[in-house]
Amino acid sequence: MVLVRSLLLTAGLSLVASTALAEPLLVEEAQVRAVPPGSQTSAAFMTLRNPGEQDVTLVDADSPAAEVIELHNHEDVDGVMQMRKISEIVVPAGESVALAPGGLHMMLIGLTAPLEEGQPVEIELRFDSGKSQQVTAPVKRVEVSAEGHHGHADAHDHGHAHDHGHGQDHGHGEGHRH
């Protein structure tokens, strides 16, 4: 009986240890938008799934592919879509949050080298818990949806206002105007 208890205790502790070491989120369909040569910005999109029982809050990200990564959202302000820097993205327990063109996303600002289609981009997600998680996101072309909407990271200027909260121009006006 003592051996059975010992084995159960060991198995239970192993399960707790592996759960504690598990990544905070499951990351699905991660990708970085392919942009024309010379572009200084791109965007990362993915689905963040939280299989846990507590909310997970993404507060920052980092990548060797960019000088800075900012968390962003698009908001409709008086009929004009505006991109805004945000301080966090909360992924509720048991739910998923999509980072997609025209919504929540990560802006890669000050690209350190041209992004080539198919190239893997390493991104470190950082959480308010102090934990971090590595993600590999391939560079892909992000297609226009059936409604004809683009995410802003294709380096086109669609006349949207971009408020980053620090007064810098990140080259969103590159490309062509619609």
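Some notes on this structure:
- The set of residues in segment 17-33 that are of a type outside the set (Val, Ile, Thr), out of contact with any Leu (no Cβ under 7 Å at 6 or more places or on another chain) and not in a strand (DSSP E or B) comprises 17, 18, 20, 21, 22, 23, 24.
- Candidates 36, 64 - the one that is touching a Ser or Thr at 6+ places or on another chain (Cβ under 9 Å) and in a loop (DSSP other than H, G, I, E, B): 64
- Residues located in segment 76-120, provided they are among the acidic types (Asp, Glu) and either closer than 21 Å to residue 24 by Cβ or surrounded by 14 or more Cβ atoms within 10 Å (Cβ to Cβ) (or both): 88, 95
Yes/no matrix, rows are residues, columns are (1) in contact (Cβ under 8 Å) with a residue 24 or more places away in the chain; (2) out of contact with any Lys or Arg (no Cβ under 9 Å at 6 or more places or on another chain); (3) not in a loop (DSSP other than H, G, I, E, B):
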position: 48; (1), (2), (3): yes, yes, yes
position: 52; (1), (2), (3): yes, yes, no
position: 58; (1), (2), (3): yes, no, yes
position: 83; (1), (2), (3): yes, yes, yes
position: 110; (1), (2), (3): yes, yes, yes
position: 123; (1), (2), (3): yes, yes, yes
position: 135; (1), (2), (3): yes, yes, yes
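Read-outs: derived from the displayed coordinates by stated rules, not from any lab. Keep in mind that what you see is a predicted model, and the values were worked out from it rather than measured. For neighbour counting, all protein chains shown are included, and Cβ atoms are generated from backbone atoms with ideal geometry for every residue, glycine included.
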